[in-house]
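The values are calculated or read from the model by the stated rules, or taken from the named source; none is laboratory data. Computed from a prediction, not measured in an experiment: that's the story for all the values here. Cβ: placed from backbone, ideal geometry, glycine included. Neighbour counts: every protein chain shown. SASA here: full protein model, heavy atoms, side chains in, ligands and nucleic acids out. Shrake-Rupley method; radii C 1.70, N 1.55, O 1.52, S 1.80 Å.
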Amino acid sequence: MSATIALLDASVGDTPAERNFRRVLDAEVTTFKLSDGELPPPVSSRAWTYDGVVISGSQTSVYDDHEWIHEVTDWFRRAHAAGVPTLGVCWGHQFVAQALGGRIVDVAEYELGYRRITRVGEDDLFENVPRTFTAFETHSDRVAELPSGAVTLARNDFGVQAFRDGAAYGVQFHPEYDRETAEWVTKNKELPDERIRSVLDGITDETAAAAEAAARVFDNFLRLVETQSPVERR
């Protein structure tokens, strides 16, 4: 039976986030739109029926003073303490780090476009992912300090690109993006036209195909969910 995943959609408004994650997650997915005040039930309640959690990207910063961010922080800390497997992507990566005691900073520039990332050490999340791989990036905040006890799993010249803390993972890049989403995100950035054109020129069939290896983290995460989940499978 397929895993049940609670997708915490942190994007604001109408975005491709839910569509992309449903495309790459071979699981039964229930979406909670965080910015609309939607949260999964407490892990300790009878209503909790999920095997794992995936947290999406967002147009906000994790340190913004929004009530919904405070609420999901409290929820996630309880879920993490209960051992619920979690994968945070981009904003979700930074959110997991901050919620567990790490520090996120604005670096005043965008890492945008298809970029090269290098794995550090070994972890089942990156099984069959090349040591150096390609993935799409779109962020101007980064993890400056990981939580105490967290382990770096990937880096590039912009900083930490993946980490693990217990049953929680974060990946700064977007393994769920297809070419269409990469183009949509780039065209909607408030950046100089020259920078936008340069990034769009780098979005090709070849770079999109090269990034497909990064998407293996989703199948790997689902396998980890099956072995680590504290919830009795239905």
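Before moving on, here are some points about what is shown:
- Listed residue (159, 121, 95) projecting farthest to the positive dipole end of segment 2-226, Cβ model: 121
- Principal-axis tilt of helix 216-228 within the chain, Cα atoms, nearest 10 degrees: 10
- Local electrostatic count at residue 84 - Lys and Arg +1, Asp and Glu -1, tallied over other residues with Cβ under 12 Å: +1
- Whole-percent carbon and sulfur share, accessible surface of segment 2-226, 1.4 Å: 44
- Both radii were evaluated on the Cα set of segment 2-226; the Rg over Rh quotient, with Rh as the Kirkwood radius, amounts to 0.93.
- Taking the Cα centre of the chain as origin and assigning +1 to Lys and Arg Cβ atoms and -1 to Asp and Glu Cβ atoms, the resulting dipole is close to 540 debye.
- Rounded to 5, the percent of DSSP beta bridges in segment 2-226 classed as antiparallel: 60
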